[in-house]
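Asker: Here's a structure for you.
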Amino acid sequence: METNKNEAITSRDIDFAQWYTDVCRKAELMDYSSVKGFIIYRPYGYAIWEQIQNYLNQRFKSIGVQNVYMPLVIPESLFNKEKEHVEGFAPETLIATIGGKSKIDDPLIIRPTSEVLFCEHYAKIISSHRDLPKLYNQWCSVVRWEKTTRPFLRGSEFLWQEGHTIFATEEEARDNALGVLDIYDDLGKDLLAIPFVKGLKTDKERFAGARETYSIEALMHDGKALQSGTTHYFGTGFAEAFGIAFQGKDNILRHPHQASWGVSTRLIGSIIMVHGDDNGLVLPPHVAPIQIAIIPIQQNKDGILTKAEDIRQRLEKAGFRVIVDQSDRTPGWKYAEYEMKGVPLRLEIGPRDLEKGQVVIARRVDGKKEIVPDGEIEREVGRLLAEAHEEMYRKAQDFLKSHIVPVNSVAELKRVVDQGGYAKMMWCGSRECEDKVKDLTMATARCMPQGDQHHFGEKCAVCGAKAEKVVYFAKAY
RNA sequence: CGGGAUGUAGCGUAGCUUGGUAUCGCGUCUGCUUUGGGAGCAGAAGGCCGCAGGUUCAAAUCCUGUCAUCCCGACCA
């Protein structure tokens, strides 16, 4: 069941939202299901997620994280234990009230996040300082009954990882939250070719139940920000609510400190909207499920397919993800198809190439073609993929940097965010000023960035009081 | 959850005002010829007209409800 590729996708500049939807469907990343907000992750889209999982599993394990799996459902009575947390999620929970044919007395919440399940478990298994720390993570899906949904960006169900860690001291827990934030930042640099702004969330934007929330924020091509991952320091609030305590070496009973952190399939949305162009998806080489698509030209002629297959095997042996498209579509059709799907490199092999002992390699990121001698294919593919990653990261970083603009008034801020990008503002830290900006401009405080807290003014750009923080505002998804 | 739009074959659509059993293009299948930027010819298959009620001799068409998708707001990864 192929969809029709002949119709051009909507141009980004004409209708960015429509372009996004077109790419999601025509690149075969997902399909809609019959229930609002629940999407089908098709093989090509899921394979991108698997690359992200592989990277993070490796990084998580290097800091001592263990994978676990918690139940899908949470009894409502358990969920209600931490007050702020409940209030944060209550409006968007899906609840099961019937089991078999009988009514369930304590209704079961389909997890919107699993804090309370981890806490309940931790309360049982932690009693001594010897039981700490615990660094658990789970890969699962969660359900939040969303009003507006968009593929990958906001779904009623989405896939994610949620890490829930617990430590003896505040310092360790906060270090964990910050350390994983750095891992997420590396994920952007190493895998996704996406530069993030990372920093501390304002109190208003903080996660329900957390003491501190940190986030990585990506800037989409249309100038809107997308929160792409969060980490939280919880303090001892959950531990107190759930009765988690440990006896220290000093024989005193204490509550441990917790952190949690997660990224979701929303990252796929980030990849699409940061790198994509009017020809479709552009995948960063390290997440691309297919890194090289080999297109045989006049494939019925002697030796062409044999050569293509030989090259495929050589590249696979060298560690690349590669396919040969032997279907009987025309070469032009295949070019367009793999461009739509964002495959980083296309390798053409035809009679002329065979004769001269060479191939043609075209890069998705800029369309440039190179002629490569047969004997150098493995090496050149490695170089071209590395260059493509660098090029994509550099382009995204240039775009990000040129869209962070310091402002000294709400009027200036509005101009910046209306045009697209981050307005960088000095802020007194009050909720009133934050709310006022949102009311007047539709922009929200994305974060107070790490590494960009150099004060460039004395006064809050909203109220004129003494400025405490540098904060970035943007319109967000 | 408010405002607007739309659901007809895998995709895009005509038909709806004025009820009579669904049009066209692409895709799919078969065969031959093709192949360096979305191939050509010939033949074929494919439809609970989103779903559920109602009106009627008769409903894609009229009425009611419902579900989903898209866009714009309010709320959130």
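The values are calculated or read from the model by the stated rules, or taken from the named source; none is laboratory data. Treat the numbers as computed from the prediction; the structure is a model and nothing was measured. For neighbour counting, all protein chains shown are included, and Cβ atoms are generated from backbone atoms with ideal geometry for every residue, glycine included. Note: accessible area is taken over every heavy atom of the protein model, side chains too, but ligands, DNA and RNA are not part of it. Shrake-Rupley method; radii C 1.70, N 1.55, O 1.52, S 1.80 Å.
Asker: Please determine whether any residue of segment A:149-168 is open to solvent by 40 Å² or more (accessible area, probe 1.4 Å) and away from RNA strand B (no atom under 12 Å from the Cβ).
Answerer: No.
Asker: Report the residue count in segment A:292-342 for those that are out of contact with any Leu (no Cβ under 7 Å at 6 or more places or on another chain), near RNA strand B (Cβ under 8 Å from one of its atoms) and either in a loop (DSSP other than H, G, I, E, B) or on the phi > 0 side of the Ramachandran plot (or both).
Answerer: Residues flagged as out of contact with any Leu (no Cβ under 7 Å at 6 or more places or on another chain), near RNA strand B (Cβ under 8 Å from one of its atoms) and either in a loop (DSSP other than H, G, I, E, B) or on the phi > 0 side of the Ramachandran plot (or both) within segment A:292-342 amount to 7.
Asker: Among the residues of segment A:452-477, which ones are under 28 Å from the mean Cα position of the chain (by Cα) and touching a residue at least 24 places away in the same chain (Cβ under 8 Å)?
Answerer: Once the filter is applied, which keeps residues that are under 28 Å from the mean Cα position of the chain (by Cα) and touching a residue at least 24 places away in the same chain (Cβ under 8 Å), segment A:452-477 yields A:Asp452, A:Lys469, A:Val470, A:Val471, A:Tyr472, A:Phe473, A:Ala474, A:Lys475, A:Ala476, A:Tyr477.
Asker: Checking the conditions here, which among A:Phe79, A:Phe118 is modelled with pLDDT of 95 or more and either within 28 Å of the chain's Cα centre (by Cα) or open to solvent by 70 Å² or more (accessible area, probe 1.4 Å) (or both)?
Answerer: Numbers: A:Phe79 fails: modelled with pLDDT of 95 or more.
Exactly one of A:Phe79, A:Phe118 is modelled with pLDDT of 95 or more and either within 28 Å of the chain's Cα centre (by Cα) or open to solvent by 70 Å² or more (accessible area, probe 1.4 Å) (or both), namely A:Phe118.
Asker: Could you tell me whether segment A:88-98 includes any residue that is out of contact with any Pro (no Cβ under 7 Å at 6 or more places or on another chain), at pLDDT below 95 and over 29 Å from A:Asp203 (Cβ atoms)?
Answerer: Pass one, segment A:88-98, residues out of contact with any Pro (no Cβ under 7 Å at 6 or more places or on another chain): A:88, A:90-91, A:94, A:98.
Still in the list and also at pLDDT below 95: A:88, A:90-91, A:94, A:98.
Still in the running and over 29 Å from A:Asp203 (Cβ atoms): A:98.
Yes, segment A:88-98 contains a residue that is out of contact with any Pro (no Cβ under 7 Å at 6 or more places or on another chain), at pLDDT below 95 and over 29 Å from A:Asp203 (Cβ atoms).
Asker: Any idea which residue in segment A:343-356 is nearest to A:Pro289 (Cα to Cα), counting only those that are within 11 Å of RNA strand B (Cβ to nearest atom) and in a strand (DSSP E or B)? Working first, answer last.
Answerer: The initial filter retains those residues of segment A:343-356 that are within 11 Å of RNA strand B (Cβ to nearest atom), namely A:346-356.
Next, from what is left, pick out any that are in a strand (DSSP E or B): A:346-349.
Numbers: A:Arg346: 14, A:Leu347: 16, A:Glu348: 19, A:Ile349: 21 Å.
Filtering first and then ranking leaves A:Arg346.
Asker: Can I ask one more? It is to be established whether one or more residues within segment A:135-145 are among the hydroxyl-bearing types (Ser, Thr, Tyr) and open to solvent by 10 Å² or more (accessible area, probe 1.4 Å).
Answerer: Yes, segment A:135-145 has at least one match.
Asker: Quick one: in segment A:219-265, which of the residues that are among the hydrophobic types (A, V, I, L, M, F, W, C), in a strand (DSSP E or B) and over 19 Å from A:Ala123 (Cβ atoms) is farthest from RNA strand B (Cβ to nearest atom)?
Answerer: We begin by selecting, within segment A:219-265, every residue among the hydrophobic types (A, V, I, L, M, F, W, C); these are A:219-220, A:225-226, A:234, A:238-239, A:241-242, A:244-246, A:252-253, A:259, A:261, A:263.
Those still in the list that are in a strand (DSSP E or B) too: A:219, A:225-226, A:234, A:246, A:253, A:259, A:261, A:263.
Checking the rest, the ones that are also over 19 Å from A:Ala123 (Cβ atoms) come to A:219, A:225-226, A:261, A:263.
Numbers: A:Leu219: 14, A:Ala225: 10, A:Leu226: 7, A:Trp261: 11, A:Val263: 9 Å.
The qualifying residue farthest from RNA strand B (Cβ to nearest atom) is A:Leu219.
Asker: Give the number of residues within segment A:216-236 that are surrounded by fewer than 19 Cβ atoms within 10 Å (Cβ to Cβ) and modelled with pLDDT under 95. Let's see the steps before the verdict.
Answerer: Taking segment A:216-236 and keeping what is surrounded by fewer than 19 Cβ atoms within 10 Å (Cβ to Cβ), we get A:222-224, A:236.
Filter once more, so that each one left must be modelled with pLDDT under 95: A:222-224.
So the answer is 3.
Asker: Of the residues that make up segment A:38-54, is at least one surrounded by 13 or more Cβ atoms within 10 Å (Cβ to Cβ) and within 11 Å of RNA strand B (Cβ to nearest atom)?
Answerer: Yes: one or more hits.
Asker: Tell me, please, whether a residue that is open to solvent by less than 10 Å² (accessible area, probe 1.4 Å), closer than 21 Å to A:Tyr472 by Cα, within 10 Å of RNA strand B (Cβ to nearest atom) and within 12 Å of the chain's Cα centre (by Cα) can be found in segment A:195-209.
Answerer: no
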